[in-house]
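The structure under discussion appears below in the form of structure tokens.
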């Protein structure tokens with residue numbers, strides 16, 4: 001028995017480095033998603049009617065340097081490693097490569113490792129990994145384009161309901177209520193803000209993202225997710241204003257904060273709720 005446990009621990013020890021490699025590879029793919037989905041949506045909304053060429057889809061097109069448009073060689077496309085080897089420059093034109101590429105790859109590897117470390121090696125971990133990767137893509141797209149694409153948020157919501165129906169992170173009834181409540185809460189805030197100020201404080205993509213988070217974790221986690229998202233957003237926003245990094249009139253995407261709050265709630269929401277209740281004496 002002891003020998004079997006030791007062997008199992010040894011196998012898991014080897015799996016953690018493979019988890020990091022997997023995270024880097026998925027991060028490289030997410031960079032493609034982050035670039036090409038907004039391009040395709042912009043073409044559908046504006047470029048198609050004007051006769052602009054159709055941008056490449058997620059799969060089936062060679063990656064190219066955005067500066068010189070040369071195809072990127074496979075050895076120059078290795079996650080994180082190639083960026084460091086090329087010192088952040090294109091092999092062909094020496095144009096600067098966006099630092100977003102290695103940052104997304106490194107973040108994806110780190111979060112993938114954390115998910116596996118916290119949840120262990122079981123089927124729910126696979127679901128949590130897919131959840132994490134979708135949130136990374138959504139957060140970065142919203143940060144760069146103020147956009148949360150339906151082609152990611154709606155499948156994420158559907159997947160949350162399916163995982164809940166299979167005995168995932170909550171029961172199906174709580175997931176259904178969470179999806180409806182998640183959408184409804186931010187819709188109500190949106191309407192109240194618009195009536196009070198005459199401005200739109202957030203987009204419908206935020207409603208759908210919170211609905212998806214409710215589908216994954218149930219309505220019980222929504223207060224914590226909103227608290228984490230709004231609290232983090234307020235702290236970062238005030239800090240940026242004080243340091244004059246951002247103007248008061250400049251819009252701030254809420255999606256990254258929702259994604260971060262949802263990810264924390266999935267991994268340690270129960271512990272955070274218990275800590276809050278103990279802190280407040282409830």
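The values are calculated or read from the model by the stated rules, or taken from the named source; none is laboratory data. Only a predicted model underlies this, so the values are computations on that prediction, with no experimental measurement involved. Using ideal geometry, Cβ is built from the backbone for each residue, glycine included, and neighbour counts are taken over all protein chains shown.
Things to note:
- Once region 121-147 is narrowed to residues that are within 10 Å of the chain's Cα centre (by Cα) and under 19 Å from residue 251 (Cβ atoms), the residue that is surrounded by the most Cβ atoms within 10 Å (Cβ to Cβ) is 138.
- When 136, 152 are checked against the criterion of being touching a helix residue (DSSP H, G or I) at 6+ places or on another chain (Cβ under 8 Å) and not assigned by TED's automatic domain parsing to the domain that holds residue 260, a single residue qualifies: 136.
- Boolean, residue 201 is surrounded by 14 or more Cβ atoms within 10 Å (Cβ to Cβ) and assigned to a helix (DSSP H, G or I): no
- Some residue of region 235-254 being at pLDDT 85 or above, under 30 Å from residue 115 (Cα atoms) and part of a helix (DSSP H, G or I): no
- Being within 21 Å of residue 144 (Cβ to Cβ), surrounded by 12 or more Cβ atoms within 10 Å (Cβ to Cβ) and either in the same structural domain as residue 98 (by TED's automatic domain parsing) or touching a residue at least 24 places away in the same chain (Cβ under 8 Å) (or both) is a property that residue 52 lacks.
- Qualifying residue in region 167-182 (condition: buried (at least 19 other Cβ atoms within 10 Å of the Cβ), under 26 Å from residue 236 (Cβ atoms), at pLDDT below 95 and in contact with a helix residue (DSSP H, G or I) (Cβ under 7 Å, 6 or more places away or on another chain)): no
- Matching residues in region 205-225 - criterion: being over 15 Å from residue 180 (Cβ atoms) and either in contact with a strand residue (DSSP E or B) (Cβ under 6 Å, 6 or more places away or on another chain) or surrounded by fewer than 24 Cβ atoms within 10 Å (Cβ to Cβ) (or both): 205, 223, 224
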